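A short write-up of the structure that comes next.
The values are calculated or read from the model by the stated rules, or taken from the named source; none is laboratory data. As the structure is a computational prediction, the values presented were derived from the model and not from experiment. Here the Cβ positions follow ideal geometry from the backbone for every residue, glycine too, while neighbour counts run over all protein chains shown.
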Amino acid sequence: MTTSEEFKQKLKAGNIGDAFTLALSESVELEITTWVASANSPQTEKPAANSCMRTRINIVEGSIDNEVGSQFIGNGPYTELRQFHTQQVQEGRQIIQNNLENLQQLFTVLTRVQYQPQQSTQQQLRESNPALSPSSQDNLP
């Protein structure tokens, strides 16, 4: 089961705290890998060290680790892919930022649900993010 599926399953079961913990634990590190596969290599096969570039960004430790295979440097056949990989890393940073903002909103809602049980969940969602508020067309009770 993928993390996304597990997250959705926990939400459906009403385990909001567990879902939040799972989301937070999975948002700590982002790994971006660029590699050149041969036509007959399966997608599940790990790339050879000399034919891949890998960047790991760990937001807890504040570290960025890069691995660059020999075929991506100097006169290697894949040097033109370095710019592509760099663009993917930049997009990865934006993904991390968006995920952290979403987790912050989720945490805000979770905190309000836990400490203000007398308010309805819909009211809490409206207060934390007006974009999530139901419209007059939603026919909600």
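Across segment 4-28, the number of residues qualifying as among the aromatic types (Phe, Trp, Tyr) and over 19 Å from ILE96 (Cα atoms) comes to 0. Determine, yes or no, whether GLN94 is part of a helix (DSSP H, G or I), polar (S, T, N, Q), under 13 Å from TRP35 (Cα atoms) and modelled with pLDDT of 80 or more. Answer is no for this residue.
Yes/no per residue for (1) in contact (Cβ under 8 Å) with a residue 12 or more places away in the chain; (2) closer than 17 Å to GLN105 by Cα:
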| residue | (1), (2) |
| --- | --- |
| LYS10 | yes, no |
| ALA13 | no, no |
| ALA19 | yes, yes |
| LEU24 | yes, yes |
| SER27 | yes, yes |
| GLU31 | yes, no |
| TRP35 | yes, no |
| ASN40 | no, no |
| LYS46 | no, no |
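Loosely packed, with under 11 Cβ neighbours inside 10 Å and either assigned to a loop (DSSP other than H, G, I, E, B) or out of contact with any helix residue (DSSP H, G or I) (no Cβ under 6 Å at 6 or more places or on another chain) (or both): does that describe GLN88? The answer is no for GLN88. Taken together, the residues in segment 8-57 that are under 30 Å from ARG112 (Cβ atoms) and under 12 Å from the mean Cα position of the chain (by Cα) amount to 9. One residue stands out in segment 104-117 among those that are under 26 Å from ILE32 (Cβ atoms) and modelled with pLDDT of 80 or more: the one that is surrounded by the fewest Cβ atoms within 10 Å (Cβ to Cβ), namely GLN104.
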